[in-house]
Amino acid sequence: MRIYEIDNRYAHILIYRKECEQQLATRNRRVPTTKTREGVQRSVRGALAGGGANTPARRPPDGRVAQRPLAIIGRMTALPDFPITHKWPALHPDRLQLYSLATPNGVKASIMLEETGLPYEVHRVSFDAKDQLSPEFLSLNPNNKIPAILDPNGPGGQPLALFESGAILIYLAEKTGRFLPQDPAARYHTLQWLMFQMGGVGPMFGQVGFFNKFGGKDFEDKRPRDRYVNESARLLGVLDRHLQGHDWMLGRDYTIADIAIFPWVRNLIGFYEARELVRFERFTQVQRVLDAFLARPAVQRGLLIPAG
């Protein structure tokens, strides 16, 4: 029986559930019964709480579950095995579980789910309540960022936990066969623009928001703000030139590149109140495609998920 020691700091240990069942089945010369499986689950919960294979499940004094690195997540074989479901129980465990908030990154996942029509259940991760720092959420995403998903019907029919909005978009596109071209060249061009958003548009636009609306707005020295404003305007110029004569980022085809980019454009000139700072009126092609994006019914629904 293998024991996986992941992090000395927290003494996290996982005993692979299937191996436990197989060894118990061999020992008892029979197929694991419901009672046996319950015993295995108790062993796994005990190990995750910091004990050994035979340690009963226990929690820290405040009732929280122990934090686990993502490496353990890949070994879980049923939705209740995931600690995040203790904080956000799945009412529909057969559906994909989305943990998110209506931010530019969060709505990428909800828009994609609405566009594809995949059945899913949404759970609101409240920043005000610091839900993203809870041990349950960290067990799914140790980087404490939204969105994250838990798909009970992942590859090979096993649950798949996934974070990072770009990775989620690629996964959902491949799962459904939509919004990521099959042609190899078009596929790589789509991923190219997806990375453009993740490495440039998101970080730069987000910094404009910080220095224009949030904590940085009171800084007397405006050079940091102006640096990010100038870089954001440059990126908008790249988009504007590319979109000349194109319906979408990939020409006629609407893809995950559009789903990644345009929530951020909307946020920059809307919530971040930076329309005048970046002189957005110059970028007529970006405005045209943004309008088309916001006119899509699935986008309109996805922008409101989760509510509140």
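Would you please name the residue that is surrounded by the most Cβ atoms within 10 Å (Cβ to Cβ), looking only at residues in segment 164-175 that are without any contact (Cβ under 8 Å) to a residue 40 or more places away in the chain and within 14 Å of the chain's Cα centre (by Cα)?
Y171
Would you kindly identify the helices (runs of 4 or more DSSP H) lying entirely within segment 66-161 that contain at least 2 residues that are open to solvent by less than 20 Å² (accessible area, probe 1.4 Å) and modelled with pLDDT under 95? Walk me through it before giving the result.
Numbers: elements: 70-73, 84-87, 106-116, 135-140.
Passing ranges, in order: 70-73.
Specify the residue that is surrounded by the fewest Cβ atoms within 10 Å (Cβ to Cβ); the eligible residues are those in segment 176-198 that are of a type outside the set (K, R) and part of a loop (DSSP other than H, G, I, E, B).
Q182
Residue check, V208 against (1) within 25 Å of Y272 (Cβ to Cβ); (2) under 17 Å from the mean Cα position of the chain (by Cα), all met but one. Which one?
(2)
The values are calculated or read from the model by the stated rules, or taken from the named source; none is laboratory data. Note that the structure is predicted; figures quoted are calculated from it, not measured. Ideal geometry is used to build each Cβ from the backbone, glycine not excepted, and the neighbour counts take in all protein chains shown. Ligands, DNA and RNA are stripped out before the accessible areas are found, and what is left, the full protein with its side chains, is counted by its heavy atoms. Shrake-Rupley method; radii C 1.70, N 1.55, O 1.52, S 1.80 Å.
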